[in-house]
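Here is the structure we will look at.
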Amino acid sequence: MTTLKGRRRFLKTGAGVSLLAGAVPVARSHDASDPMARSAYGARSTYDKSERVSDAGSNCSFASDCNTLTPLQDLHGIITPPPLHFNSAHGAFPPDINPDEFTLYIHGLVNRPLKFSLAELKRLPFISRIMHMECEANYPHTHQDTTVQHTHGKVSCSEWTGVPLSVIMEECGVKPDGKWIICEGMDRDRHSKSIPLSSAMDGILAYGQNGAPLMPHQGFPLRIVIPGAGGFSNVKWLHRIKVTDEPYLTPSERFSKPFSVKSVITFPSGGQQLQGRGYYTISGMAWSGHGAIKTVDVSTDGGNTWQQAKLEDPVLSKAISRFSLKWEWDGSETVLKSRALDDAGNIQPTPEEVAARIGGTVDEVKRNKVRSPDTQWNMIFPWRVKTDGSVHNDLWT
Ligand SMILES: Nc1nc2c(c(=O)[nH]1)N[C@H]1C(S)=C(S)[C@@H](COP(=O)(O)O)O[C@H]1N2
Ligand SMILES: [Mo]
């Protein structure tokens, strides 16, 4: 037990003194004219500057409605904060939908065509599932793709909450020849996607995103989310599901290839600056459209040797998993790479392996000019650390 004398002595030195020596200023005043003080909805620290940027491929500013990218370099854990969720809307602004006037229609090859208001949907059984979503165009496009936000920022991971599609399909009674669903959004181009019913059955008609209503850019008030499916299938502002016997060739239709296993190191990553040699914890994300991540190997010497990274809980099927590896940087120039394996046995290939398998030059496969017919771009990705501690996209060097 500390004596009073002992405590006095402690207070005179070290941490005790600074605790007594006046309070740290509060983040903001309680002045009612201060927007943060009045905000009933939380605001972030003024020092937190993380934001989406427009994708290099789309020639527009964020003010007009272009595709935007998630700042993966700023994220912790596996969940994407809704305001930082990448978005893809093919040039259209989110429609302004009043949830009280919203109706979802289910029709086509069903015994009972149905319609639901949002309030009616919320009376039905619901599930929540943490899953990743990845755009088919999530790969580095040019040399200007310097950061991990540019090279891999069309992926996210959220807890989506809503009604299982299977509940709705059971409710309407699918006829024996009903094999596909056509999902249609309320945006300018009526984005539509044909999805085989068999692969849509673990889909969710989601109204919740990480505990809150969907963000307008993510499809408020309703979208379909299908675990492991290509981003294109997750139709936003969903207002119509038609059950059919075959797919429709709508103007926006695109048939996508299965998503394979993928990973990327987010720290250290392009554009970041290491503060000299010494200890660092390498951190990154891995995900697969086919199942759960089994292992991630990391190389700190350009791929000559590999070490197994630590997978942080939770490791979920068809969701982002976080990995880490302890690293002592000796200050010399090197290249960092990660290579993920999923529980279906898929492993990330090198560009050389892809070129050997599908043809084309190594440069053409890196640029996705020659594409794999059976998977998405998912190659092992390199970051070069220079002696000054700067980090660079090393795909094309
Ligand atoms: N209605 C509608 N849904 C859509 C799209 C769209 O343009 N309109 N884009 C699709 C594509 S290509 C992707 S990658 C995902 C992206 O979802 P997000 O914008 O919430 O990130 O939504 C899909 N759903
Ligand atoms: Mo996309």
- Glu328 fails exactly one of the following numbered conditions: (1) within 22 Å of the chain's Cα centre (by Cα); (2) at pLDDT 95 or above. What is the number of that condition? (1)
- Query: Being touching a helix residue (DSSP H, G or I) at 6+ places or on another chain (Cβ under 7 Å) and either in a helix (DSSP H, G or I) or not hydrophobic (A, V, I, L, M, F, W, C) (or both), is that true of even one residue in the range 322-334?
  - Reply: no
- Enumeration of residues in the range 130-146 that are within 16 Å of ligand 1 (Cβ to nearest atom) and over 19 Å from Asn378 (Cβ atoms): Ile130
- Matching residues in the range 367-385 - criterion: being surrounded by 21 or more Cβ atoms within 10 Å (Cβ to Cβ) and not in a loop (DSSP other than H, G, I, E, B): Phe381, Pro382, Trp383, Val385
- Task: Considering every residue within the range 326-339, establish whether at least one is within 24 Å of Gly231 (Cβ to Cβ), surrounded by fewer than 17 Cβ atoms within 10 Å (Cβ to Cβ) and not assigned by TED's automatic domain parsing to the domain that holds Ser158.
- Result: no
- What helices (runs of 4 or more DSSP H), lying completely within the range 147-241, carry at least 1 residues that are away from ligand 1 (no atom under 11 Å from the Cβ), surrounded by fewer than 19 Cβ atoms within 10 Å (Cβ to Cβ) and under 22 Å from the mean Cα position of the chain (by Cα)? 197-200
- Residues of the range 92-134 satisfying the condition of being out of contact with any Gly (no Cβ under 6 Å at 6 or more places or on another chain), within 16 Å of ligand 2 (Cβ to nearest atom) and modelled with pLDDT of 95 or more: Met131, His132
- Query: Among all residue pairs at least 6 apart or on different chains, which show Cβ distances below 7 Å where the first residue, located in the range 234-250, is closer than 15 Å to Gly203 by Cβ and in the same structural domain as His217 (by TED's automatic domain parsing) and the second is assigned to a loop (DSSP other than H, G, I, E, B) and of a type in the set (A, V, I, L, M)?
  - Reply: Asn234/Ile226; Leu238/Leu222; Val243/Leu109
- Message: Considering only residues that are more than 16 Å from ligand 2 (Cβ to nearest atom), out of contact with any Gly (no Cβ under 8 Å at 6 or more places or on another chain) and among the basic types (Lys, Arg), which ones fall in the range 192-243?
- Response: Arg240
- Give me a count of the residues in the range 97-120 that are surrounded by fewer than 17 Cβ atoms within 10 Å (Cβ to Cβ) and either within 14 Å of ligand 1 (Cβ to nearest atom) or of a type outside the set (D, E, K, R) (or both). 10
- Task: Give just the number: which of (1) more than 13 Å from ligand 1 (Cβ to nearest atom); (2) touching a residue at least 12 places away in the same chain (Cβ under 8 Å) does Arg123 not satisfy?
- Result: (2)
- Note on the structure: With criteria (1) at pLDDT below 95; (2) out of contact with any strand residue (DSSP E or B) (no Cβ under 8 Å at 6 or more places or on another chain); (3) more than 16 Å from ligand 2 (Cβ to nearest atom), Ala137 comes up short on (3)
- Message: Quick check on the range 40-91: of everything there that is under 25 Å from His239 (Cα atoms) and surrounded by fewer than 15 Cβ atoms within 10 Å (Cβ to Cβ), which residue is modelled with the highest pLDDT?
- Response: Pro83
- So Thr305 fits all but one of (1) assigned to a strand (DSSP E or B); (2) free of Cβ contacts under 8 Å to residues at least 24 places away in the same chain; what number is the exception? (1)
- Message: Quick test for you: out of Gly270, Gly284, pick the one residue that is part of a loop (DSSP other than H, G, I, E, B) and either crowded, with 21+ Cβ neighbours inside 10 Å or out of contact with any His (no Cβ under 8 Å at 6 or more places or on another chain) (or both).
- Response: Gly270
- Quickly run through the range 88-145 and pick out the residues that are assigned to a strand (DSSP E or B), touching a helix residue (DSSP H, G or I) at 6+ places or on another chain (Cβ under 6 Å) and closer than 20 Å to Phe259 by Cβ. Met133, Glu134
- Just to be sure, is Ala319 assigned to a loop (DSSP other than H, G, I, E, B), of a type in the set (A, V, I, L, M, F, W, C) and surrounded by 15 or more Cβ atoms within 10 Å (Cβ to Cβ)? yes
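The values are calculated or read from the model by the stated rules, or taken from the named source; none is laboratory data. For clarity, every value in this text was computed on a predicted model and none was experimentally measured. Using ideal geometry, Cβ is built from the backbone for each residue, glycine included, and neighbour counts are taken over all protein chains shown.
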